[in-house]
Amino acid sequence: MRLLPWTGTDGKPCYLSTDDPDSLLSRLADDIEAAQLASAEQVLAGAEAVLRDAEAGERAVRFALVRALESLGDVLRVAVSRGERIPGQDA
């Protein structure tokens, strides 16, 4: 079972049951994971810039923190999903 990089409409995790890493849904999940990781890099750079700016206001800091939390959640989901797919690991 593969943890997918999105949740259902109820907020619960979605899983894919396949042994084919090249299936259409597996490739879509890979693409979304890559986009989430790339986005997290951009969010990190933006948050660092806001924190370096001594004149950044509360709104900017709060926005950077909210985006960082969203990205952290995405990155953790990718890490868990990939960790569960390492051969020899218990699901």
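The values are calculated or read from the model by the stated rules, or taken from the named source; none is laboratory data. Note that this is a predicted model, so its numbers are computed, not measured. Note that we place each Cβ from the backbone using ideal geometry, even for glycine, and neighbour counts take in every protein chain shown. Calculation scope for accessible area: heavy atoms of the full protein, side chains included, ligands and nucleic acids excluded. Shrake-Rupley method; radii C 1.70, N 1.55, O 1.52, S 1.80 Å.
Under 5 Å between amide H atoms, partner at least 5 residues away or on a different chain: which partners does Cys14 have, H built in plane at 1.01 Å?
When sequence neighbours closer than 5 places are left aside, the close amide H contacts are Leu4, Trp6, Gly8.
Provide the gained length on full extension for the span Ala60 to Leu72, in nm with one decimal, where the gain is 0.36 nm per separating residue minus the Cα-Cα distance. Can you show the working numbers first?
Details: separation 12, 0.36 × 12 = 4.32 nm, distance 1.80 nm.
The Ala60-Leu72 span can extend by a further 2.5 nm.
Order 64-76, 11-23 from most to least packed using the mean count of other Cβ atoms within 10 Å.
64-76, 11-23
Extending each Cα 7 Å along its Cβ direction at Asp53 and Asp20, get the distance between those two points in nm, one decimal.
Here the modelled spin labels are 4.8 nm apart.
Can you tell me the accessible area per residue over the chain, all protein chains present, probe 1.4 angstrom, in square angstrom?
The answer is 73 Å² per residue.
Can you send over the carbon and sulfur percentage of the accessible area for the chain, probe radius 1.4 Å, protein chains only?
About 57 percent, which is the carbon plus sulfur part of the accessible surface.
Taking the Cα centre of the chain as the origin, how large is its charge dipole in debye, to the nearest 20, when only Lys and Arg (+1) and Asp and Glu (-1) carry charge on their Cβ atoms?
200 debye
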